[in-house]
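Trainee: Dropping the structure in here first, questions after.
The values are calculated or read from the model by the stated rules, or taken from the named source; none is laboratory data. What you see is a predicted model, and the numbers here were worked out from it, not measured in a lab. Here the Cβ positions follow ideal geometry from the backbone for every residue, glycine too, while neighbour counts run over all protein chains shown.
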Amino acid sequence: MDETLGRQKMTGCYVTIPTMFRDDADLSLDLDAVGRHVRFLIDGGLREGTGVLLAGGAAGDFSTMTFEERCAVVERVVGEAAGRIPDAMGGQTTSTRELERLVKAAEHIGADFVQVSPPFYFSPTEEKYTSGDGYLDKQCVELVGLGSSRSRPPTRDVRPQFREATRRMLLDAGVPNVLPA
């Protein structure tokens, strides 16, 4: 996806899809409820040009789900959206290897974007952050054939140096549509 197309697709409201759970002993995923919610939004007029759907994003339940559950939620959102509205998979993790798996999964599932956030729950140096020992490295972003949507952490301490480091790293790796946070 080139930068111009990415910017066109990333237009409108960035709508977080709540992760629905069943009221059972395991608090298992309720993918039918997730699908109904996506249909509700699309039936209400959300479409390409007016919004982007975000599944398992930075402010969501990503930290309480397994890798497989995260993929299942995104797969349901992408399937229900069926190309009518762009979608993004939350890529939040403290593990570079897991981020690599999430990016590959998002591409396989057919998500348009991956939301990548600086780790607000740790305070690494910029050198650690960009070195490959930290949260995000070029090895991971080089795998991305889809867009990357950077996200501000859900705190007001946004750490501008990490936003800029992330932006440079993604651009250097050839990610085609790095959009401003």
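Trainee: Tell me which residues, restricted to the range 42-73, are buried (at least 20 other Cβ atoms within 10 Å of the Cβ), of a type in the set (A, V, I, L, M) and within 20 Å of G12 (Cα to Cα).
Mentor: Once the filter is applied, which keeps residues that are buried (at least 20 other Cβ atoms within 10 Å of the Cβ), of a type in the set (A, V, I, L, M) and within 20 Å of G12 (Cα to Cα), the range 42-73 yields L46, V52, L53, L54, A55, A58.
Trainee: Kindly provide the set of residues from the range 73-102 that are at pLDDT 85 or above, of a type in the set (A, V, I, L, M, F, W, C) and more than 22 Å from L46 (Cα to Cα), ordered by number.
Mentor: If the condition is that a residue be at pLDDT 85 or above, of a type in the set (A, V, I, L, M, F, W, C) and more than 22 Å from L46 (Cα to Cα), then L102 is the only one that fits.
Trainee: State whether one or more residues within the range 135-142 are modelled with pLDDT under 55 and within 22 Å of K9 (Cα to Cα).
Mentor: Within the range 135-142, one or more residues are modelled with pLDDT under 55 and within 22 Å of K9 (Cα to Cα).
Trainee: List pairs: first in the range 13-25 and farther than 30 Å from G49 by Cα, second in a loop (DSSP other than H, G, I, E, B) and small (G, A, S), Cβ under 6 Å, 6+ apart or cross-chain?
Mentor: Within 6 Å, the pairs are R22/S28.
Trainee: Out of the residues in the range 1-49 that are hydroxyl-bearing (S, T, Y) and more than 16 Å from the chain's Cα centre (by Cα), which is nearest to E75 (Cα to Cα)?
Mentor: For the range 1-49, the residue satisfying everything is S28.
Trainee: Moving to a separate point now. Please state which of the following conditions P86 fails to meet, knowing it meets all the rest: (1) in contact with a Lys or Arg (Cβ under 6 Å, 6 or more places away or on another chain); (2) exposed (fewer than 15 other Cβ atoms within 10 Å of the Cβ); (3) not charged (D, E, K, R).
Mentor: Going through (1) in contact with a Lys or Arg (Cβ under 6 Å, 6 or more places away or on another chain); (2) exposed (fewer than 15 other Cβ atoms within 10 Å of the Cβ); (3) not charged (D, E, K, R) one by one, P86 breaks only (2).
Trainee: Just checking, which of L46, L54 is under 25 Å from T94 (Cβ atoms) and either in contact (Cβ under 8 Å) with a residue 12 or more places away in the chain or of a type in the set (F, W, Y) (or both)?
Mentor: Selected residue: L54, the only one of L46, L54 that is under 25 Å from T94 (Cβ atoms) and either in contact (Cβ under 8 Å) with a residue 12 or more places away in the chain or of a type in the set (F, W, Y) (or both).
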